[in-house]
Amino acid sequence: MSEPLRLGIAGLGTVGIGIVKIVQRHADLIERRCGRRIVITAVSARDRSKNRDADLSDYAWETDPVALARRADVDIFIEVMGGSEGPAQDSTLAAIEAGKDVVTANKALLAHHGQALAEAAEARGRVIRFEAAVAGGIPVIKALTEGLAGNAITRVMGVMNGTCNYILTRMDSAGLPYDTVFEEARQLGYLEADPNLDVGGIDAGHKLSLLAAIAFGTQVSFDAVDLEGIGRISIDDIRRAGDMGFKIKLLGVAQMTGRGLEQRMSPCLVPADSPLGQLQGGTNMVVLEGDSVGQIVLRGPGAGMGPTASAVMADVIEIARGTRISTFGQPANTLAVPVAAKATAPAPYYLRMELQDKPGALAKIATVLGENGISIDRMRQYGHDAGTAPVLIVTHKTTRDAIDHAFHGFAATGVVTGVPVAFRIEAV
């Protein structure tokens, strides 16, 4: 009979308590599946007196997660505190130095320090597993590192922040403006303490950078992700995109091109009848494309106690079974330093602008577009309001540079009111 595998859990918030509940509820089932008893020996959190709706009386308590990471009776250090610096980073390094394997749900930590942590772990023969850090309960890391390991990955794409998807689909279904739904999401507890991590695309950008590293064999390069959040999306954009057969999503896309690694997290239009277009509420969806397998679509809950704890325990069970995979799917010292590339592949774009209600205004806009090599696929003009007329244009394939040059040209026409908006239309 193998010795029990002993867990130390740093962080007793929603996810940490979810892990405790799974271990307590399914101890026999887990042992049958991995051939080894998994037990919790110690935990760590700042406030011991807090009511956490779980029996923690059998576990040793450490107020300092670094001390927990160094305990002799801990085999796997589970970090679910969050944060890219401070206690999360210090305790993870301490665990590696003490010869522990690490399981974490901390995408920010790995997005900023993943290469250094992977090198440190692999130098000591340890593993870092982080299924829970990307897309909650969806096993996308396992899909990339194992199920699709025989493929050259051509593109990774998806909706990776449930809060943003909730806001956008709620605006759509209820006809509510962004500010109203943002406040609703705050009241429901869906937003991070710093809401910009969600609505600014940062949280989703962290996840995209981790997937890109695995998919394309590169060092994590979060700083090279082109980020644009959802704050500029109006209810009119959502309605009018719908009129043209599209939905707006905060979409992450990563692909390797001849110029380098493209990583972008930005609002895009997708066909309303596509899997991404039909994605509702806080659900996540990741699309993986490989040269042999084609397209794989993974859909599921992207956050929450159960899904995230489930992903943590999947990693723990794999370690208990003896599966040991390099952090990013191949040895850290073989990961290439990526060359960052802007998205230059042509695509259709959705343009929205307010034109002054005067003769020839639309003709001037069409002239500027033509001068920049942009042809119009479809166009709609809506009712006049206080001397202005909203105009929507769907272009044929063009580049973002061409769009930006056209927008600069719009300013010289004297007929555009306010700042025009452009969203890429992504083929899915």
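The values are calculated or read from the model by the stated rules, or taken from the named source; none is laboratory data. Because the structure is predicted, anything quoted here is derived from the model rather than measured. Every residue, glycine among them, receives a Cβ derived from its backbone with ideal geometry; neighbour counts consider all protein chains shown. All accessible areas refer to the heavy atoms of the entire protein, side chains included, with ligands and DNA or RNA removed. Shrake-Rupley method; radii C 1.70, N 1.55, O 1.52, S 1.80 Å.
Among 52, 124, 129, 48, which is the only one that is modelled with pLDDT under 95 and within 30 Å of the chain's Cα centre (by Cα)? Of the residues listed, the single one that is modelled with pLDDT under 95 and within 30 Å of the chain's Cα centre (by Cα) is 52. Looking only at segment 192-245, residues that are closer than 23 Å to residue 177 by Cα and of a type in the set (Gly, Ala, Ser) come to 10 in all. Can you pull out the residues in segment 173-195 that are open to solvent by 60 Å² or more (accessible area, probe 1.4 Å) and either at pLDDT 95 or above or of a type in the set (Val, Ile, Thr) (or both)? Hit for segment 173-195 is 180, nothing else. Only residues that are closer than 12 Å to residue 126 by Cα, assigned to a loop (DSSP other than H, G, I, E, B) and in contact with a Leu (Cβ under 9 Å, 6 or more places away or on another chain) were counted across segment 54-108, and they come to 1. For the residues 223, 198, 236, the requirement of being farther than 23 Å from residue 289 by Cβ and surrounded by 23 or more Cβ atoms within 10 Å (Cβ to Cβ) singles out 198. Screening residue 380 against (1) touching a strand residue (DSSP E or B) at 6+ places or on another chain (Cβ under 9 Å); (2) buried (at least 17 other Cβ atoms within 10 Å of the Cβ) leaves a single unmet condition, (2).
Please tell me if residue 232 is in a helix (DSSP H, G or I) and of a type in the set (D, E, K, R). No. Scanning segment 351-377 for residues that are of a type in the set (D, E, K, R) and out of contact with any Ser or Thr (no Cβ under 9 Å at 6 or more places or on another chain), we see that the one that is most open to solvent (accessible area, probe 1.4 Å) is 371. Set side by side, the residues 163, 145 differ, and just one is hydroxyl-bearing (Ser, Thr, Tyr) and modelled with pLDDT under 95, which is 163.
Listed by position, the strands (runs of 3 or more DSSP E) contained in segment 248-333 that have at least 2 residues being open to solvent by 50 Å² or more (accessible area, probe 1.4 Å) and free of Cβ contacts under 8 Å to residues at least 60 places away in the same chain are 294-301. Restricting attention to segment 99-114, does a residue exist that is within 28 Å of residue 266 (Cα to Cα), acidic (Asp, Glu) and open to solvent by less than 30 Å² (accessible area, probe 1.4 Å)? Scanning segment 99-114, I find no residue that is within 28 Å of residue 266 (Cα to Cα), acidic (Asp, Glu) and open to solvent by less than 30 Å² (accessible area, probe 1.4 Å), so the answer is no. Is it fair to say residue 407 is open to solvent by less than 10 Å² (accessible area, probe 1.4 Å), of a type outside the set (A, V, I, L, M) and either closer than 21 Å to residue 129 by Cα or outside any strand (DSSP E or B) (or both)? For residue 407, the condition - open to solvent by less than 10 Å² (accessible area, probe 1.4 Å), of a type outside the set (A, V, I, L, M) and either closer than 21 Å to residue 129 by Cα or outside any strand (DSSP E or B) (or both) - is not met.
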